[in-house]
Amino acid sequence: MSLFLAALAVLLLGGLGALAASRSPRAANLLGALGAVLGCAFGGTVALRVLAGEDLPALRAPWRVPYASFHLEVDALSAFFLLPIFGLSALAAVYATGYLRPFGGRRSLGPPWFFTNLLVAGMALVVVARNAILFLVAWEVMSLAAFFLVAWEDEREEVREAGWTYLVATHLGTAFLLALFVLLGREGGSFEFEAFRAGAQPGALFLLALVGFGTKAGFVPLHVWLPEAHPAAPSHASALLSGVMIKTGLYGLVRTVTFLGTPPAWWGWVLVGVGATSGILGVLFAIAQHDLKRLLAYHSVENVGIIALGLGLGSLGWTYGAPWLAAFGLAGALLHVLNHALFKGLLFLGAGSVLHATETREIDRLGGLGKRMPATGVAFLVGAAAITGLPPLNGFVSEFLIFLGALRGGTSSVAGVAVPGLAAIGSLALIGGLAAACFAKAFGVVFLGEPRSGEAARARESGPAMVVPMALLAAACAAIGLFPGLALRIVEPAVREVLPGPDAGWRPAAAAILDRAALAGGGFLVLAAALALLRRALLRRRPVGETVTWDCGYVRPSARMQYSSSSFAQPLTELFGILLRTRKRIVAPRGPFPAGASVATETPDPFRERLYGPAFAAIARGAAALRWIQIGRVHVYVLYVALSLLVLLAWKLG
Amino acid sequence: MTVESFLPSVLALVAAPLLPGVVNRTKAFFAGRRGPPLLQAYSDLWKLLRKGAVYSRTTSWVFRAGPVAGLAAAIVAVALVPLGPVPGALSFQGDLLLLAGLLALQRFLAVIAALDTGSAFGGMGASREVAFSALTEPALLLGLAAVARETGSLSLSEMLPAVSLASWALHGPALALVAAALLVVFLAENSRIPVDDPNTHLELTMIHEVMVLEHGGPDLAFILYGASLKLWTLGALLVGLLAPGGDPVAGGIVAFAGMVGLAGITGAIESAMARLRLLDVPRLLTGAGVLSVLGLLLVRR
């Protein structure tokens, strides 16, 4: 435990050092990254030791805040979430030394480093806190550090707007958590986690947790802040926000369920419903986006949906006493948490590398980057294939487990399991197909073909500080895909922590299945290599020419004639138009000698436009009616304070 | 794994290019022509393998790797499917998900190779391919889930042979709905009429053909061979559902005859109807998904 505290201290010292050295970008970079990498190495060691079976004693220290205590414990579930937090953060910190460098002349690098390290420390504290007050403090530290990262480039209006949206959303979520912990604390008589129990109304507590933690995780329709905030942050922070911070919401949900005991069936149904909705809508909105980082942010909504599907199936297995369904659903969901941190981190770092080289996130202004930035291109392709769930990469492994759970549920004779199982099969299959479409677009339009603008044509590969972290993440994606048995060993202790009762030997069974799938994956790689050699041998003595792409004989082809992100997505946006409500502005060519024509499409978030926009406008109107109270003179406000105290006193005495 | 268990896969690798030949002969029969020889696809492959290649200057390594890796995925997929009562070379609980994953991988590789050419045609084909396959995937997996529900196994090599005459007698309507859905998936995924026309000559109306327009030489041979393997793989699912089980030797021969028969039926469908308008294709594919769901609901256990 002292190693864990040392990790937090080193993180904070690094952040403070960077803040103190704000004057020199180089020193800030060095101190911030050093603190982050060292801290993450310490913390990561703790997580690995716990997952390997070591029992760390809990740390209890008194704290003078009422009801609070400094109670930390690293059990297997905490350790499992610590692993991606520390792993991705260390790599993102190395990446940030390269990414932040060009900002060095214009802005101070102290604050982004300070808040990055504070965010990492906050996330780590969230998953090990065992006292509700401490948990909420850590939660706020994490959320506010994230706010300052989102709002870093505050000279841009859309960034200020995104920061504001995020701040409102995160505090609305926290309000539900406050209510949740107050109710849990009242039942248990203490704010220590170990005292918590369900009480009379476990359903209400579950719903509070679902909304409160779901806001952080980004379940539809609580996701609206996510596609605004994540793209606005600097790219290494986007990777952390999407890769690990939203997972703290899932951690909170799982942890809360462990307090509440055996879940009733409807919790599983609700989770499967929420998961299917988030998954399908998330990927649909992602397809319609033109901004690379915004597209990735919507994909996080989709992946959180997949995780919720797994959690829902696991919960149903628990309810109905089907240990394999429970284990496969939960293990798949947890493994997807780790996998998503790897590939979404990788993709955001890749998008940041593109942004670094071209200074644009607009997909339709890019193209042909694969030749100009080969390492970023390969890394992004691995991430894209992994997030799509293609074998032999890690996304396939966790989706396979969830899918297998869904198939087991769908073939069950109990209707309460079979119907959600079928819903999960259908939605996972649809999500998989749509995700393939989305990432074929994201990779194809950005990295393949011809550059669509001067910025893209002049792009250069990023430096080793940015490329090496991406390469390591890509290697991790491949490693979990090819050796799924190892990943299952990491997940198993966490699953045992959540699911009560004897473990039904699910891991050896799952490992045997996944090893066969990995064998096929290895076979694919060997065959591909053999065929590549065959192709080389066949072409060796043959003429191999080069020419232009076939253009039907048109004499002046240009890069703008390529399919763009909106034209590629058009069949799907049209098909799901009723959900997406894509806006089109078309200037059609007119007359025999048309002067100009254009098409522009835009897909704003319908929940933001139709639900939250009107709701918050109504609140603003209501608040405006109370404007007369605000006079703007200090003595009047002092009078208000005195009057309030008087009223409270009268109430207390009366 | 025994030697016999590789037989269906070896047969598939050898005999798959026969299927397009059967389709084309059937179409020629309906059109009153003699048509190309049955083994034309083999001659085409042989010819292409001995040719050079011409690449667009726009393309990168993705374009060259696409056909190679795509064929590798198709070969591994073939190893997962049984032929009638004879199990595939590799089988485990949930292998149907790996099959879907490998087909998706093959498609993804073809799509990014098409986008690598920077051609509007490549983009058009790729865009249509991903849109339509996103709709066939639920139909395929829900249909197979129905078979899994009927037979209680999650492995293709167990559940397809387990569908017997008795299960048809018991759950005939449900299995018929699933078979109809799988037929639509088979036609759509293999770019057959009524979804796509392999013989069309206008780029604007193509889906699959326009994606592979730029490939030539050995690359095109790999793509054509991969396509016939995919025809075999998806066909074997449908034949496995319809063919009665029984003795491995006799059942295997019946199933092989079934594959040839399925190619004949495909040719007959292509001769009897025109392709759908592109806008109507999603309706057909969604319809297939609905049939799968109905089949699933009708299988009671």
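The values are calculated or read from the model by the stated rules, or taken from the named source; none is laboratory data. Keep in mind that what you see is a predicted model, and the values were worked out from it rather than measured. With ideal geometry, Cβ positions are generated from the backbone for all residues, glycine too; neighbour counts draw on all protein chains shown.
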Among the residues that make up region B:158-168, is at least one of them more than 14 Å from every other protein chain (Cβ to nearest Cβ) and under 18 Å from the mean Cα position of the chain (by Cα)?
yes
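One residue is enough: does region B:15-29 have a residue meeting the conditions surrounded by fewer than 17 Cβ atoms within 10 Å (Cβ to Cβ) and either within 28 Å of A:ASP551 (Cα to Cα) or over 17 Å from the mean Cα position of the chain (by Cα) (or both)? Quick ask: steps written out before the conclusion?
Restricting attention to region B:15-29, the residues satisfying the condition of being surrounded by fewer than 17 Cβ atoms within 10 Å (Cβ to Cβ) are B:15, B:28-29.
Retained after the next criterion (residues that are either within 28 Å of A:ASP551 (Cα to Cα) or over 17 Å from the mean Cα position of the chain (by Cα) (or both)): B:28-29.
Yes, that holds for at least one residue.
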Selection count, region A:511-550, where residues are more than 7 Å from chain B (Cβ to nearest Cβ) and either at pLDDT below 90 or in a loop (DSSP other than H, G, I, E, B) (or both)
2
By residue number, the members of region B:203-219 that are within 14 Å of B:ARG64 (Cα to Cα) and outside any helix (DSSP H, G or I) are B:VAL212, B:LEU213, B:GLU214, B:HIS215, B:GLY216
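Yes/no per residue for (1) at positive phi; (2) under 19 Å from the mean Cα position of the chain (by Cα); (3) part of a helix (DSSP H, G or I); (4) among the polar types (S, T, N, Q):
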site: A:SER238; (1), (2), (3), (4): no, yes, yes, yes
site: A:TYR251; (1), (2), (3), (4): no, yes, yes, no
site: A:TRP269; (1), (2), (3), (4): no, no, yes, no
site: A:ALA276; (1), (2), (3), (4): no, yes, yes, no
site: A:LYS293; (1), (2), (3), (4): no, yes, yes, no
site: A:ILE306; (1), (2), (3), (4): no, yes, yes, no
site: A:SER315; (1), (2), (3), (4): no, no, yes, yes
site: A:LEU334; (1), (2), (3), (4): no, yes, yes, no
Taking the condition of being of a type outside the set (Gly, Ala, Ser), surrounded by fewer than 24 Cβ atoms within 10 Å (Cβ to Cβ) and under 30 Å from A:THR262 (Cβ atoms), how many residues in region A:284-324 meet it?
4
Out of all the residues in region B:214-236, which are more than 14 Å from chain A (Cβ to nearest Cβ) and of a type in the set (Gly, Ala, Ser)?
B:ALA227, B:SER228, B:GLY235, B:ALA236
Return the residues of region A:401-425 that are facing another protein chain (nearest Cβ under 7 Å), among the small types (Gly, Ala, Ser) and in contact (Cβ under 8 Å) with a residue 12 or more places away in the chain; say none if nothing qualifies.
A:GLY410
Out of the helices (runs of 4 or more DSSP H) lying entirely within region B:1-87, which hold 3 or more residues that are touching a His at 6+ places or on another chain (Cβ under 9 Å)?
B:61-78
In region A:379-400, residues that are more than 9 Å from chain B (Cβ to nearest Cβ) and either at positive phi or assigned to a helix (DSSP H, G or I) (or both) total 10
Selection over region B:37-66 where residues are within 21 Å of A:ALA537 (Cα to Cα) and within 7 Å of another protein chain (Cβ to nearest Cβ) yields a count of 9
Within region B:215-265, residues closer than 9 Å to B:GLY84 by Cβ and β-branched (Val, Ile, Thr) come out as B:VAL239, B:ILE253, B:VAL254
In region A:576-583, is there at least one residue being more than 14 Å from chain B (Cβ to nearest Cβ), among the polar types (S, T, N, Q) and surrounded by 14 or more Cβ atoms within 10 Å (Cβ to Cβ)?
yes
Which listed residue, of B:ALA139, B:ALA114, is crowded, with 24+ Cβ neighbours inside 10 Å, within 25 Å of A:ALA424 (Cα to Cα), touching a Gly at 6+ places or on another chain (Cβ under 7 Å) and more than 7 Å from chain A (Cβ to nearest Cβ):
B:ALA139
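Yes or no: region A:307-317 includes at least one residue that is out of contact with any helix residue (DSSP H, G or I) (no Cβ under 6 Å at 6 or more places or on another chain) and over 27 Å from A:PHE483 (Cα atoms). Please lay out each step first, then the result.
Our first condition is that a residue be out of contact with any helix residue (DSSP H, G or I) (no Cβ under 6 Å at 6 or more places or on another chain); within region A:307-317, this holds for none.
Taking every residue of region A:307-317 in turn, none turns out to be out of contact with any helix residue (DSSP H, G or I) (no Cβ under 6 Å at 6 or more places or on another chain) and over 27 Å from A:PHE483 (Cα atoms).
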So the check is Cβ under 6 Å with 6+ separation or different chains; which pairs have a first residue in region A:230-259 that's basic (Lys, Arg) and a second one that's buried (at least 24 other Cβ atoms within 10 Å of the Cβ) and part of a helix (DSSP H, G or I)?
A:LYS247/A:VAL337
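Assess whether A:GLY449 counts as being within 14 Å of another protein chain (Cβ to nearest Cβ), touching a Pro at 6+ places or on another chain (Cβ under 9 Å) and buried (at least 24 other Cβ atoms within 10 Å of the Cβ). Explain how you work it out, then say what you get.
Working: within 14 Å of another protein chain (Cβ to nearest Cβ): yes; touching a Pro at 6+ places or on another chain (Cβ under 9 Å): no; buried (at least 24 other Cβ atoms within 10 Å of the Cβ): yes.
When the stated conditions are applied, A:GLY449 does not pass them.
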Scanning region A:357-372 for residues that are under 11 Å from A:PHE447 (Cβ atoms) and among the small types (Gly, Ala, Ser), which turns out surrounded by the most Cβ atoms within 10 Å (Cβ to Cβ)?
A:GLY367
If you take the residues in region A:532-581 that are basic (Lys, Arg) and out of contact with any strand residue (DSSP E or B) (no Cβ under 8 Å at 6 or more places or on another chain), which one is farthest from B:LYS51 (Cα to Cα)?
A:ARG581
Checking B:LEU11 against (1) within 14 Å of chain A (Cβ to nearest Cβ); (2) more than 30 Å from A:VAL544 (Cα to Cα); (3) touching a strand residue (DSSP E or B) at 6+ places or on another chain (Cβ under 7 Å): exactly one of these is not met. Which one?
(1)
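Before we move on, is B:LEU98 within 14 Å of chain A (Cβ to nearest Cβ), within 30 Å of B:VAL3 (Cβ to Cβ) and touching a Pro at 6+ places or on another chain (Cβ under 9 Å)?
For B:LEU98, the condition - within 14 Å of chain A (Cβ to nearest Cβ), within 30 Å of B:VAL3 (Cβ to Cβ) and touching a Pro at 6+ places or on another chain (Cβ under 9 Å) - is met.
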Every residue from region B:90-114 that is among the small types (Gly, Ala, Ser) and either over 15 Å from B:VAL78 (Cα atoms) or without any contact (Cβ under 8 Å) to a residue 40 or more places away in the chain (or both):
B:GLY94, B:GLY101, B:ALA104, B:ALA110, B:ALA113, B:ALA114
Of the residues B:VAL281, B:VAL239, B:VAL249, which is within 12 Å of another protein chain (Cβ to nearest Cβ) and either within 15 Å of the chain's Cα centre (by Cα) or part of a helix (DSSP H, G or I) (or both)?
B:VAL281
Which condition breaks for B:ALA169 when tested against (1) more than 26 Å from B:VAL10 (Cα to Cα); (2) in contact (Cβ under 8 Å) with a residue 12 or more places away in the chain?
(2)
So which residues in region B:188-211 are crowded, with 22+ Cβ neighbours inside 10 Å and hydrophobic (A, V, I, L, M, F, W, C), if there are any at all?
B:ALA188, B:VAL195, B:ILE207, B:VAL210, B:MET211
Of the conditions (1) farther than 20 Å from A:LEU16 by Cα; (2) among the β-branched types (Val, Ile, Thr); (3) assigned to a helix (DSSP H, G or I), the single one that A:VAL74 does not satisfy is (3)
Residue in region A:596-609 that is acidic (Asp, Glu), farther than 26 Å from A:GLY449 by Cα and in contact (Cβ under 8 Å) with a residue 40 or more places away in the chain present:
yes
Quick one: which of A:ALA456, A:ALA435, A:ALA442 is touching a His at 6+ places or on another chain (Cβ under 8 Å) and either within 14 Å of chain B (Cβ to nearest Cβ) or on the phi > 0 side of the Ramachandran plot (or both)?
A:ALA435
